[in-house]
Amino acid sequence: MSARIGLMRRLCLLPLVAACALGMTRVETPCWIGGQSLSIGGVPAAQKIVQAYPYCTVAVFYSRNPVTPIVSLARVSGTVTATTSTPHFLYSGLTITVSGASDVTFNGTFVVSSPASASSTATTFTYSQAVADAATTGGSVVSASLQSPPLFSDNGVTPQANPYTANSFGFGYFYAPDGCFNVQLSGGSAPSIPSPYTYGDVCTVSGSGGGGGGGGGSTGWDTMTISGGTVTPNYASGAIHEVVLTASPVNVNAISGTVPAGASYDIVLTQDSTGGRQVTWDSSYHGLTGWEISTAASTYSVFTFAMDPSGYSVLKHAGTGRIPR
């Protein structure tokens with residue numbers, strides 16, 4: 001069983017079913033510094049850091065605003081009511097951009113009138129537009145500037161503060177709309193984090209696509225089961241590429257698709273229940289000297305790369321862990 005499937009099954013038990021169904025992901029944030037310890041879509045990216053910071057402050061920001069598909073738009077007496085295919089998490093006062101509507105008069109930049117606050121269930125919102133009554137379909141909506149995402153607690157519905165304070169073990173979590181985030185850790189007590197530390201462009205499992213800043217690109221999860229030979233991650237299929245290893249050796253080819261300079265993506269190498277699988281890397285991956293993947297059964301290794309201007313994938317951080325059961 002892959003790390004993604006095993007963990008999502010654990011998350012979708014009992015009261016968490018609603019949160020999973022709403023396109024949200026539980027993100028765990030151990031307050032550890034010195035390597036990647038933040039979860040990616042609920043899958044811990046590393047277990048190697050030993051220094052914890054109790055009661056540290058966790059602040060979450062979008063690194064690229066999620067794009068939400070629009071099903072229909074209706075303009076009546078100067079008020080537009082938009083219906084989206086998934087919860088939009090928009091709220092009154094937020095500046096948005098509507099684009100791609102079949103009737104182009106609906107496209108443009110507007111200020112949300114309702115709902116009053118972000119909701120994990122709302123699929124309609126309104127804004128003012130002094131144009132003749134009309135109705136149309138299609139298009140999408142995105143916040144016109146980067147914002148702090150709404151966070152929700154364990155039931156996926158109750159709003160949670162952003163920023164929030166971790167517990168005495170330096171641990172916390174939040175549910176957030178699927179997408180990509182910058183997560184800043186600061187403060188704490190005995191000891192405290194010397195200066196704010198940011199994990200950049202962390203994408204949850206089933207993100208809603210590029211848009212806004214942070215390099216754009218896909219934010220989904222792409223899983224490939226490989227029994228030897230080669231594997232070619234495709235950036236168009238997702239920003240997180242899980243390779244389930246059932247034989248070896250496997251050569252990881254250069255990533256395909258257009259990866260903007262500065263954009264990040266993850267390669268998750270998951271051992272099957274036998275383990276012992278080995279990989280080799282294409283020469284386009286830089287910074288891997290000294291790193292070895294975990295070969296123990298039912299473990300994973302996460303490698304996060306950033307695309308440099310010359311077209312090389314440069315390692316940002318890496319780590320290993322055991323698949324939760």
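A short reminder: the numbers here are calculations on the coordinates, not readings from a lab. These figures come from a predicted structure and were not determined experimentally. We place every Cβ from the backbone using ideal geometry, glycine too, and count neighbours over all the protein chains shown.
Shape class for segment 86-179: prolate, because the ratio a/c of the largest to smallest gyration tensor axis (alpha-carbon atoms, square roots of eigenvalues) is 1.5 or more and a/b beats b/c.
What order do you get for 265-277, 94-106 when each peptide is scored by the mean count of other beta carbon atoms within 10 Å, highest first?
On the way: 265-277: 20.1, 94-106: 16.7.
By packing density, highest mean first, the sequence is 265-277, 94-106.
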